[in-house]
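For reference, the structure discussed in these notes is given below.
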Amino acid sequence: MLFLKRLRLSHSYATVRLIATGLVMLFCPAFSFADELPKESVLPLAMASKAAQAAVEACKKDGYRVSASVVDRAGVLRTMGRADGAGSHTVESSRKKAYTAASLRRATTELAELIGKVPTLQSLREMNDEILILGGGLPIEIGGDVVGGIGVGGAPGAHLDDACAQAGLDAVGAAPKIPTVK
């Protein structure tokens, strides 16, 4: 009889121990997988808004009525500002320039020049309907990470859109991206 009681106790203890071990094994690997997940910097809305506003204000100071859009690293719109009197077409062009700069991680003026020099790259324009390879889009790089893109549309020249977009980058401490003149 004593033998049976000990067997039941040891059996109960073994069951509890088996369940506890299973639970530990079930949840411990999750922690190691979580450590392997990539970490990404995120462009905060306040910073995106500050960049867009600075770009619009820089162009306004020079007499240009533009729109400025800021997208995150995936090309999703974070914020957009349209100056009083800016053409309606500037809204979409600024967004697409920002998308292109973030997606391809290069200034859109640089991409336009590259396509001009290497005609076989024309297909870049047709990768999807969101691509717009026209000056005025700059990637937003902070701390070595591209966290988004800014696009400006509406100034009378791509170099002017670029300058206003650069003012947006400057306002948030992002790396300068205006292509150097060769």
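The values are calculated or read from the model by the stated rules, or taken from the named source; none is laboratory data. Since the model is a prediction, treat every value here as computed from it, not as a measurement. Cβ sites come from the backbone with ideal geometry, for glycine too, and all protein chains shown count toward neighbours.
Within segment 147-166, track down each residue that is in contact with a helix residue (DSSP H, G or I) (Cβ under 7 Å, 6 or more places away or on another chain), outside any loop (DSSP other than H, G, I, E, B) and crowded, with 21+ Cβ neighbours inside 10 Å.
Within segment 147-166, Gly148, Gly149, Ile150, Gly151, Val152, Gly153, Asp162, Cys164, Ala165 meet the criteria.
Any idea how many residues of segment 55-91 are in a helix (DSSP H, G or I) and surrounded by fewer than 22 Cβ atoms within 10 Å (Cβ to Cβ)?
Here is the first cut: in segment 55-91, the residues in a helix (DSSP H, G or I) are 55-61, 89-91.
From the residues that got through so far, the ones that are surrounded by fewer than 22 Cβ atoms within 10 Å (Cβ to Cβ) too are 57, 60-61, 89, 91.
Within segment 55-91, residues that are in a helix (DSSP H, G or I) and surrounded by fewer than 22 Cβ atoms within 10 Å (Cβ to Cβ) number 5.
Of everything in segment 136-182, what is closer than 23 Å to His89 by Cβ and charged (D, E, K, R)? Give them in sequence order.
Asp161, Asp162 - these are the residues of segment 136-182 that are closer than 23 Å to His89 by Cβ and charged (D, E, K, R).
Determine which member of the set Leu45, Leu26, Leu37, Leu77 is farther than 17 Å from Gly153 by Cα, modelled with pLDDT of 95 or more and not polar (S, T, N, Q).
The unique qualifying residue is Leu45.
What's the number of the condition Arg106 fails, among (1) outside any strand (DSSP E or B); (2) over 13 Å from the mean Cα position of the chain (by Cα)?
(2)
Quick one: which of Val71, Val76 is in contact (Cβ under 8 Å) with a residue 24 or more places away in the chain and hydrophobic (A, V, I, L, M, F, W, C)?
Exactly one of Val71, Val76 is in contact (Cβ under 8 Å) with a residue 24 or more places away in the chain and hydrophobic (A, V, I, L, M, F, W, C), namely Val71.
Just to be sure before I move on: is Arg95 in contact (Cβ under 8 Å) with a residue 40 or more places away in the chain and over 16 Å from Asp161 (Cα atoms) in the structure I sent?
It is false that Arg95 is in contact (Cβ under 8 Å) with a residue 40 or more places away in the chain and over 16 Å from Asp161 (Cα atoms).
Condition first: crowded, with 16+ Cβ neighbours inside 10 Å and basic (Lys, Arg). Now tell me which residues in segment 92-126 satisfy that.
Arg95, Lys96, Lys97, Arg106
Since Ser88 meets every condition but one in (1) touching a Leu at 6+ places or on another chain (Cβ under 8 Å); (2) free of Cβ contacts under 8 Å to residues at least 12 places away in the same chain, which condition does it not meet?
The one condition Ser88 does not meet is (1).
Can you tell me how many residues in segment 167-182 are part of a loop (DSSP other than H, G, I, E, B) and in contact with a strand residue (DSSP E or B) (Cβ under 8 Å, 6 or more places away or on another chain)?
6
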